[in-house]
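*Asks:* Would you mind keeping the following structure in view while I ask a few things?
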């Protein structure tokens, strides 16, 4: 199976990012993993701004999957989505957004179902089975 080009982890918790990155690397399903610590950094990544300004071609490819935490300081997952909607279609093409949360509240789930850009909703931590299901559902070519 062909590898996914890039996965972007967006979470303010360094330990969560470390564990998620380790799991994804262990599964060997992607060429690159990048980390943003809040929604603003994720937007900077997508727009290739700030610390994500590339020094050479291919430094920060468009993510194929964004694992997005809901609750973060500075800009949370919902605020990120509001700004993401405003981006040109070329920057949003073929990106699968998966919301990650510790909350199992029905309100969160209803909010997400109403956003057509959100492909899935997973409770943290990421698990092997869920990552492979997402890969198979969206990248099984």
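Each value in this text was obtained by applying a stated rule to the coordinates, not by laboratory testing. Please read these numbers as outputs of a predicted model, since none were measured by experiment. Positions of Cβ are generated from backbone atoms using ideal geometry, with glycine treated the same way; all protein chains shown enter the neighbour counts.
*Asks:* I'd like to know how segment 19-139 sits against the 2.2 N^0.38 Å rule of thumb: what's its Cα Rg over that expected value?
*Replies:* After normalising by residue count via 2.2 N^0.38 Å, the value is 1.03.
*Asks:* Additional query: Given a Förster radius of 30 Å and the C-beta distance between residue 140 and residue 83 as r, what FRET efficiency does 1/(1 + (r/R0)^6) yield to the nearest 0.05?
*Replies:* Calculated value: 0.50.
*Asks:* If you don't mind, there's one more thing I want to ask. How much FRET efficiency would the formula 1/(1 + (r/R0)^6) give for residue 74 and residue 132, where r is the Cβ-Cβ distance and R0 is 25 Å, rounded to 0.05?
*Replies:* The formula returns an efficiency of 0.20 here.
*Asks:* Run lengths n ≥ 4 of DSSP H only: what is the helix-derived mean residue ellipticity at 222 nm for the chain, with -39500 (n - 2.57) per run over all residues, to the nearest 500?
*Replies:* Using -39500 (n - 2.57) per qualifying helix, the result is -11500 deg cm²/dmol.
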